[in-house]
Amino acid sequence: MNEAATSHQVMPIEQISRPPGTCFPWERKKEEFPPIEGDEGLVKQIWEEIDTLGYLYIWQCLLSF
Amino acid sequence: MSDEKEKLYQERLQRYVTAMRNKKPDRIPIRPFVAEFTAKYAGYTCQEVTHDYRKAFDAACKCAADFDWDAVVPNMVYVWTGLTTAIGLTYYAIPGVHLPADKPFQYLEPPEEQAFMKPEEYDLLVADPTGYLYNVWLPRVSRDVVTPGEPATMRNNLAFVKGGMAMMRYFDAFGEQIARLRRESGTVSALAGILKAPFDIIADKLRGYKGLCMDLYRQPKKVEAACEALAPHLLKVALLTSDPNKQLPVGLWMHRGCMPFLSPQQFERFYWPTLKWIIEDLWRQGIQTLFYAEGEWNPNLKYIAQLPELSIIYHVDRGDIFEVYRTVGEKFCISGGIPNDLLAFGTPDEVREYCKKVIDGVARNGGYIMDASAIMQDDTKVENVRAMTEFTREYGVY
């Protein structure tokens, strides 16, 4: 593991702007990563897919349950 | 799946979609919104179908097969209290726990002073609706979730893990339930997706109806801003949960927009603009809305008439269905209108007579779906549902 990967700062999630469909936008999450050496698009895609589940969870709690 | 059942399914889907597009199918589709009625018919208690969704699914399948309906909601007893218990939600009275096992679940609105959102928090909600829900609302509505900044607890952690996993299990199970209805009885799933009006969400789950009514006078601009802030999120959820084939409508369940909860003037200012915006956007993307107008909505018909042609299926509860037909029948498919008190306390002959009146009055040119006025609970008589179904199947042929 390189140094950048261990010393990244974790951003307080409460201060992030969240568009519809999003809990933690990739553009902000990316800042916590070291430079991505492989396929950044893949990391972004999977992050956003799972982030949408977090979004749906709270809105489904509000709307359906 | 047998060829026979698949053929039946395709016929029913065609019938249902044709009616929803305000056209004339081969006969009137029958799509009853049956909730705790399914438990009564299948021999379960309300506790069983509310707390064990597998029994609710079984009951829905049994009703769909035995009554031979065209379309049903895969589980109209939608609130699975196993899930709400895992999250620690405090606003339900659960059959068999807080209520007798044979009583339907109840939503408990807190007293005004204990509303889940405080009157001074509109700006917080508007600035970041999703953050507000996670950081402020959820800790207030759950007995287990702690407010950010407070010490984490095991109960908090479990509420998220168990709540998330239970929700995923529940929604995944709907896929198989929909396939089962198709396979076993050729029944179509009636809806896909969830939508509520921004105003209703503030009334139901945030400020409470009484608190919101005070806000309409004390801080009306904040209420408008909150509706505008919630609308893009409610649209997003509707889109994320909608039918990818765009054949089935999104279910819009409305509570507080009608008389006497809001005057038409209040409706026009607070309720309607953001809801209209959502419905229009869904329709631009080819998605219809099942406009479940619970209560007496006829005073608001002039607003509903503003919606694009075919954008909604107008479900009539207590409004005069014949006036609805005269006002918006050219634009929208209509469903419902068979009074629940008649289905609960009337006779099969009276039910047949009323169904004839509705069919003759609003359905002769197509664009009508047979159903009760409101969701049918366990007070609905089986023989009356059978009369409604059999009469429509015989008399509702075009």
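The values are calculated or read from the model by the stated rules, or taken from the named source; none is laboratory data. Computed from a prediction, not measured in an experiment: that's the story for all the values here. Every residue, glycine among them, receives a Cβ derived from its backbone with ideal geometry; neighbour counts consider all protein chains shown.
Some points to look at:
- Residues in the stretch A:32-65 that are charged (D, E, K, R) and surrounded by 15 or more Cβ atoms within 10 Å (Cβ to Cβ): A:44, A:48, A:51.
- Residue in the stretch B:327-359 that is nearest to residue B:292 (Cα to Cα), counting only those that are crowded, with 16+ Cβ neighbours inside 10 Å and among the basic types (Lys, Arg): B:331
- Scanning the stretch B:6-17 for residues that are crowded, with 17+ Cβ neighbours inside 10 Å and either hydrophobic (A, V, I, L, M, F, W, C) or out of contact with any Lys or Arg (no Cβ under 6 Å at 6 or more places or on another chain) (or both) gives B:8, B:12, B:13, B:15, B:16, B:17.
- Pairs, first under 14 Å from residue B:40 (Cα atoms) in the stretch B:51-67, second among the aromatic types (Phe, Trp, Tyr) and outside any helix (DSSP H, G or I), C-beta under 7 Å, six or more apart: B:55/B:44; B:59/B:44
- Segments classed as helices (runs of 4 or more DSSP H), wholly inside the stretch B:184-293, with at least 1 members that are within 13 Å of chain A (Cβ to nearest Cβ): B:198-201, B:220-240, B:272-284
- Complete set of residues in the stretch B:18-36 that are under 21 Å from residue B:313 (Cβ atoms) and crowded, with 23+ Cβ neighbours inside 10 Å: B:19, B:20, B:25, B:28, B:29, B:30, B:31, B:32, B:34, B:35
- Within the stretch B:315-335, the set of residues being assigned to a strand (DSSP E or B), in contact (Cβ under 8 Å) with a residue 40 or more places away in the chain and in contact with a helix residue (DSSP H, G or I) (Cβ under 9 Å, 6 or more places away or on another chain) comprises B:316, B:333, B:335.
- Test: residue in the stretch B:360-367 that is over 22 Å from residue B:26 (Cα atoms), modelled with pLDDT of 95 or more, among the hydrophobic types (A, V, I, L, M, F, W, C) and surrounded by fewer than 23 Cβ atoms within 10 Å (Cβ to Cβ): no
- Residue match in the stretch B:232-249 (condition: farther than 23 Å from residue B:295 by Cα, among the acidic types (Asp, Glu) and at pLDDT 95 or above): yes
- Output for the stretch B:106-140, where each listed residue is touching an Asp or Glu at 6+ places or on another chain (Cβ under 9 Å), away from chain A (no Cβ under 11 Å) and within 21 Å of residue B:88 (Cβ to Cβ): B:109, B:115, B:139
- From B:53, B:91, B:78, residue being of a type outside the set (Gly, Ala, Ser), modelled with pLDDT under 95 and under 22 Å from residue A:60 (Cα atoms): B:78
- With respect to being buried (at least 20 other Cβ atoms within 10 Å of the Cβ) and within 29 Å of residue B:62 (Cβ to Cβ), residue B:173 falls outside the description.
- Criterion: under 30 Å from residue B:16 (Cβ atoms) and modelled with pLDDT of 95 or more - qualifying residue of B:138, B:158, B:133, B:181: B:181
- Top-ranked residue of the stretch B:56-72 - restricted to ones that are of a type outside the set (Asp, Glu) and surrounded by fewer than 21 Cβ atoms within 10 Å (Cβ to Cβ), ranked as nearest to the other protein chains (Cβ to nearest Cβ): B:62
- Tabulated pairs, the stretch B:1-21, first modelled with pLDDT of 95 or more, second in a helix (DSSP H, G or I) and not aromatic (Phe, Trp, Tyr), C-beta under 8 angstrom, 6+ apart or interchain: B:5/B:182; B:5/B:183; B:5/B:184; B:5/B:185; B:6/B:182; B:8/B:185; B:9/B:182
- Given (1) surrounded by fewer than 20 Cβ atoms within 10 Å (Cβ to Cβ); (2) over 25 Å from residue B:312 (Cβ atoms); (3) hydroxyl-bearing (Ser, Thr, Tyr), number of the condition residue B:209 does not satisfy: (2)
- Looking across B:334, B:359, B:304, B:312, one residue alone is more than 21 Å from residue B:37 (Cβ to Cβ), aliphatic (A, V, I, L, M) and in contact with a Leu (Cβ under 8 Å, 6 or more places away or on another chain). It is B:312.
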